[in-house]
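> Sharing a structure with you now.
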Amino acid sequence: MRNALAVLLIVLLAGACAMTEPEPTPLELQAFQQREFPAPKRVLFAATVSSFQDLGYIVDAADFDTGLITVSSPARSGFVPFVGTVNSQTRATAFVEEAGEGASRARLNFVTGTESADAYGRMTRQDERILDPAVYREAFERIDVTIFTRTP
């Protein structure tokens, strides 16, 4: 019985590994994580902060001079039998920079972190990059709308 369980576990793990998609190249990442806007850096920076707040994120830090914005979502907690307490939270960063006369660009990065604690107090944390282009497209659309409403 023990050998059968071991073989089943190996087969399941091998199948899971075979089903993972290849990591995107840096250029593929930039293609959906970065967008240029016809707005000055100050407008894009404020629109990005405001858009993150509209999406339900909490602004952890925002520095206009460096262009870096760090946000996190409210944490979600739950109990999973045989695992223990599981907490998950999405964090995001944005880098906003000038891109020429009257234009600027933003690059976003979303990561989901999951922490678990078992009955013995052992803690584990796993971070996973969000690589779904639709997530980035939605955020950039929100930023675009915010820029439109802020531009006289």
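> Out of segment 110-131, which residues are free of Cβ contacts under 8 Å to residues at least 12 places away in the same chain and open to solvent by 80 Å² or more (accessible area, probe 1.4 Å)?
Those that are free of Cβ contacts under 8 Å to residues at least 12 places away in the same chain and open to solvent by 80 Å² or more (accessible area, probe 1.4 Å): 120, 122, 123, 124.
> Using beta carbons and a limit of 9 Å, which pairs, at least six apart or on different chains, have the first residue in segment 132-150 and without any contact (Cβ under 8 Å) to a residue 12 or more places away in the chain and hydroxyl-bearing (Ser, Thr, Tyr) and the second one open to solvent by less than 40 Å² (accessible area, probe 1.4 Å) and in a helix (DSSP H, G or I)?
Within 9 Å, the pairs are 149/47.
> If you go through segment 19-43, how many residues are touching a helix residue (DSSP H, G or I) at 6+ places or on another chain (Cβ under 7 Å) and either among the aliphatic types (A, V, I, L, M) or open to solvent by less than 70 Å² (accessible area, probe 1.4 Å) (or both)?
Counting residues in segment 19-43 that are touching a helix residue (DSSP H, G or I) at 6+ places or on another chain (Cβ under 7 Å) and either among the aliphatic types (A, V, I, L, M) or open to solvent by less than 70 Å² (accessible area, probe 1.4 Å) (or both) gives 5.
> Could you check, for segment 116-135, whether at least one of its residues is among the acidic types (Asp, Glu), over 21 Å from residue 23 (Cα atoms) and in contact with a Ser or Thr (Cβ under 7 Å, 6 or more places away or on another chain)?
No, there is no match, as no residue in segment 116-135 is among the acidic types (Asp, Glu), over 21 Å from residue 23 (Cα atoms) and in contact with a Ser or Thr (Cβ under 7 Å, 6 or more places away or on another chain).
> Any idea how many residues of segment 70-99 are closer than 12 Å to residue 60 by Cα and open to solvent by 60 Å² or more (accessible area, probe 1.4 Å)?
Matching residues across segment 70-99 total 2.
> Yes or no: residue 47 crowded, with 16+ Cβ neighbours inside 10 Å and at pLDDT 95 or above?
Yes; evaluated as a whole, the condition is true for this residue.
> Do any strands (runs of 3 or more DSSP E) entirely within segment 65-152 hold 2 or more residues that are closer than 20 Å to residue 48 by Cβ and under 18 Å from the mean Cα position of the chain (by Cα), and if so, which?
Correct list: 68-72, 84-98, 104-117.
> Condition check: under 15 Å from residue 91 (Cβ atoms), modelled with pLDDT under 95 and surrounded by fewer than 17 Cβ atoms within 10 Å (Cβ to Cβ). Does residue 55 satisfy that?
Answer is yes for this residue.
The values are calculated or read from the model by the stated rules, or taken from the named source; none is laboratory data. Keep in mind that what you see is a predicted model, and the values were worked out from it rather than measured. Note that we place each Cβ from the backbone using ideal geometry, even for glycine, and neighbour counts take in every protein chain shown. Side chains are part of the model used for accessible areas, which takes the heavy atoms of the whole protein and leaves out ligands, DNA and RNA. Shrake-Rupley method; radii C 1.70, N 1.55, O 1.52, S 1.80 Å.
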